[in-house]
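See below for the structure under consideration.
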Amino acid sequence: MLIELHNIHKTYDNGQPLHVLKGIDLGIEQGEFVSIMGASGSGKSTLLNILGILDNYDEGEYWLDGKLIKNLSEKEAAHYRNQMIGFVFQSFNLINFKTAVENVELPLYYQGFGRKKRNELAMRYLEHFGLAEWATHYPNELSGGQKQRVAIARALITNPRILLADEPTGALDSKTSVEVMNLLTDLNRTEKVTIIVVTHESGVANCTDKIIHIKDGIIGETTMNEQHKASVFGTSTIMK
Amino acid sequence: MRRKILRFDIDTYREITDALVRNKRRSLLTGFGIFWGLFMLLFLIGGGKGVKSLLMRNFEGFASNSIVIAANETTKPYKGFKEGRSWNLQYTDIERLKVLVPELEVVTPELPEWGLSATRDEYNVSCHAKGVRADYVKVETPSMKFGRFLNEVDVQQKRKVCVIGERIWQSLFPDGDDPCGQFIRVGSVYYQVIGVDVSTSNINIGGSSAESVTLPITVMRDLLNSGESVGMICAIGREGVNMSDLEGKIRQVIARQHYIDPKDEEAIMVLNMEVMFRIMDNLFRGVNFLIWMVGIGTLLAGAIGVSNIMLVVVRERTVEIGIRRAIGATPRDILSQIVLEGVALTIVAGSSGIVFSVLLLQLLEVIAQHKTIFQIDFGTAMAALLLLGLLGLLAGIAPARRAMNIKPVDAMRDE
């Protein structure tokens, strides 16, 4: 198992305690393409934050690639994030004053790679996603789809164990959404990247092989979705 | 492959300069606070120095341990004389002072006359004359542009020669020629010019030296028919002697000779240069203190402003910092980024502040003629920069702490 969660609890305490995760048990194998679905407030973002070592949990155990991720110092957490996890965000979260290629190479900067090596590797990833000619453009000169592809390149450049995508199509139109989901599917099939997508759109979830429903802080049903027929709107559609 | 603490190499450098250069507005805003603070401090210090040297020019060439004595009407009745009596200092007083007050190195008389005019050909200028002995140079060091000062022989032989001040030379010799050997008329007598004294000192016994004609005292004495009396007596103490301590003794010697009540302070006018110099010194110490107060206040205000702007900047950069944290930057990485950005900005803005104030002070120096020193020295500039660095570091603490506390999750929340 690449990811194992045992009885994860998480309570936010902003004046009034809010029990968000109420005992999550979850296992994800190497190379899986999984989506976590749930309405807003269901706790899916909190779960993603914990999976991404962006947030702590109160109770239970989280094993990532055989390592117990618990009570890490900020430094260790940063180290694990850098080495093992790639993030793709709904709002792309590219750094505005850096060009596409500089954004892609930033994780390598924090690993201590030299500029030349970084640049070389980043260009290779951008080429792979067909963005070579946009390499020196700033994010505000790119379309939404291009931005998300840059973000995916940035997430993958450290060769992470898992790619965490938080509503990766949330800010895109339906056509680019399909492109991005196809890109993720392709990465999973050819590069065997483990991908976890968090979404509330059934169409997006339908692109993945396994759908984990989360509701009120606990895991509901888990749908195996190899045939991609989970969407009520039919196959190969992304509801918008 | 993990980075060391506060690594500094070409990559870090590029990372920092990129962040600063590509966010020009906020870099300029922050940098300006630093620039202005340092500029104001250095400019004030330089200005203070300039004013001081301007004022000190008035004292130039004047012996600081000298004393000038002049006669005034008595204000107290004494030994049968009633108050309001006029009296004169006399040549004998000089010898008496020399003998009775051995701490005095030089005692020399001066005979002044005001309201004269000097004439040469069609040129005419109002002036005043003073008759002195050759040893007068010890009281007021002349700064000769042409020729020489009076000497013993001039005095002994009653030569009709004179040393003229700068203003008189300019008025009577508008071509700026060497006037030595030429004759000018002062009052009704012709004198041969032997020198031009351009000393700028404004402590003058008997008026400004720029407007005075200095004659041998013997010539002056015959002219005024002043007999044994002299206008003033100038005295200089030996090295290490405190003139304020001698003042009482000098008064006593004069008072006894002229039947003046020893308690009659007003009858004997004593101008103690040492006291004047001390007053000036204190004044400048006060001015300097004020300058540093204001300067440091400005610098402090600048630092607080910078701190404020940096807090806003960190707030503005929450998403960026969150992203950096999400993709593997440790809090230390963030701290070093913020601190190094601050240091780079301080160095650039601070040096421009120094350069700008130095340029402006140099300009003032050029405008304010010769001998006025406005320019700050290297040490002052470095001290100010160091002070600024310290303040910058203090100013950076709060923003850096806030930046370090930014969680990667904030990047996603802050949309």
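Structure above, values below:
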{"read-out": "Estimated FRET transfer efficiency (B:Arg14, B:Asp121; beta-carbon r; R0 60 Å; 0.05)", "value": "0.20"}
{"read-out": "Size-normalised alpha-carbon gyration radius of chain B, reference 2.2 N^0.38 Å", "value": "1.55"}
{"read-out": "Alpha-carbon Rg with Dmax, taken over the stretch B:66-272, Å", "value": "18.1, 60"}
{"read-out": "Heavy atoms of B:Arg133: accessible area, 1.4 Å probe, square angstrom to 10", "value": "60 Å²"}
{"read-out": "With DNA, RNA and ligands ignored, accessible area of B:Asp121 (1.4 Å probe; Å², nearest 10)", "value": "120 Å²"}
{"read-out": "Dimensionless Rg over Rh [the stretch B:123-175; C-alpha; Kirkwood]", "value": "0.97"}
{"read-out": "Cα gyration tensor, the stretch A:104-240 - rounded (a/c under 1.5), prolate or oblate", "value": "prolate"}
{"read-out": "GNM flexibility winner over chain A from A:Pro160, A:Pro107, A:Pro17 (Cα, springs under 10 Å)", "value": "A:Pro17"}
{"read-out": "In nm, spacing of pseudo-spin labels at B:Phe356 and B:Gln257 (7 Å Cα→C-beta vector)", "value": "6.3 nm"}
{"read-out": "In sequence order, calculated HN-Hα J values of the stretch B:183-198 (Karplus, 6.51, -1.76, 1.60; Hz; x Gly/Pro)", "value": "10, 10, 9, 10, x, 10, 10, 8, 10, 8, 6, 10, x, 10, 9, 9"}
{"read-out": "Exposure rank, largest accessible area first [B:Met293, B:Met40, B:Met276; 1.4 Å]", "value": "B:Met293, B:Met276, B:Met40"}
{"read-out": "Distance in nm between pseudo-label sites at A:Glu76 and B:Gln192 (7 Å out along the Cβ direction from Cα)", "value": "10.3 nm"}
{"read-out": "Net charge of Cβ neighbours under 15 Å - reference B:Val358; Lys, Arg +1; Asp, Glu -1", "value": "-1"}
{"read-out": "All-pairs Cα distance distribution in the stretch A:4-85, expressed in whole percent, bin size 10 Å", "value": "16, 51, 30, 3, 0"}
{"read-out": "Members of the stretch B:7-51 that become less accessible by 20 Å² or more once partner protein chains are added (1.4 angstrom probe, chain alone as reference)", "value": "B:Arg7, B:Asp11, B:Arg14, B:Glu15, B:Asp18, B:Arg22, B:Asn23"}
{"read-out": "Average other protein chain Cβ within 10 Å of Cβ, residues B:318-326", "value": "6"}
{"read-out": "The stretch B:207-285 and the stretch A:81-148: distance between their alpha carbon centers, rounded to Å", "value": "86 Å"}
{"read-out": "Largest-first ellipsoid semi-axes for the stretch A:43-110, taking √(5λ) over the Cα gyration tensor eigenvalues, angstrom", "value": "25, 15, 9"}
{"read-out": "Built amide H within the under 5 Å cut-off of A:Asp58, gap 5+", "value": "A:His9, A:Lys10, A:Thr11"}
{"read-out": "Among the listed pairs B:Lys98/B:Lys130; B:Lys49/B:Lys98; B:Lys79/B:Lys138; A:Lys215/B:Lys407; B:Lys98/B:Lys158, those beyond 30 Å (Cα-Cα)", "value": "B:Lys49/B:Lys98; B:Lys79/B:Lys138"}
{"read-out": "Cα-based Rg of chain A normalised by 2.2 N^0.38 Å, two decimals", "value": "1.00"}
{"read-out": "Rounded, prolate or oblate (a/c below 1.5 giving rounded, otherwise prolate when a/b exceeds b/c) for the stretch B:258-415 by Cα gyration tensor", "value": "prolate"}
{"read-out": "Spherically averaged projected area in nm², based on the convex hull that wraps the Cα atoms of the protein assembly as shown", "value": "45.9 nm²"}
{"read-out": "Heavy atoms of B:Lys158 accessible to a 1.4 Å probe, total area in Å² rounded to 10", "value": "90 Å²"}
{"read-out": "Highest average packing first - B:235-244, B:333-342, Cβ atoms within 10 Å", "value": "B:333-342, B:235-244"}
{"read-out": "Among B:Val153, B:Val275, B:Val355: highest mean-square fluctuation, GNM of chain B, C-alpha pairs under 10 Å", "value": "B:Val153"}
{"read-out": "Environment charge of A:Thr199, counting only residues whose C-beta is closer than 10 Å and scoring Lys/Arg +1, Asp/Glu -1", "value": "-2"}
{"read-out": "³J(HN,Hα), Karplus 6.51/-1.76/1.60, whole Hz, each residue of the stretch A:170-187, x for Gly, Pro", "value": "x, 10, 10, 7, 5, 5, 5, 4, 4, 4, 5, 5, 4, 4, 5, 4, 4, 4"}
{"read-out": "The stretch B:293-319 versus the stretch A:202-231: alpha-carbon centroid distance in Å", "value": "51 Å"}
{"read-out": "Rg to Rh quotient for the stretch B:68-158, alpha carbon positions, Kirkwood Rh", "value": "1.07"}
{"read-out": "GNM top mover of A:Gly52, A:Gly170, A:Gly112 - chain A, alpha-carbon springs below 10 Å", "value": "A:Gly112"}
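The values are calculated or read from the model by the stated rules, or taken from the named source; none is laboratory data. Since the structure is predicted, the reported quantities are computational estimates derived from the model, not experimental observations. Backbone-built Cβ (ideal geometry, glycine too); neighbour counts: all protein chains shown. Just so you know, the surface numbers come from the protein's heavy atoms only, side chains and all, with ligands and any DNA or RNA stripped out. Shrake-Rupley method; radii C 1.70, N 1.55, O 1.52, S 1.80 Å.
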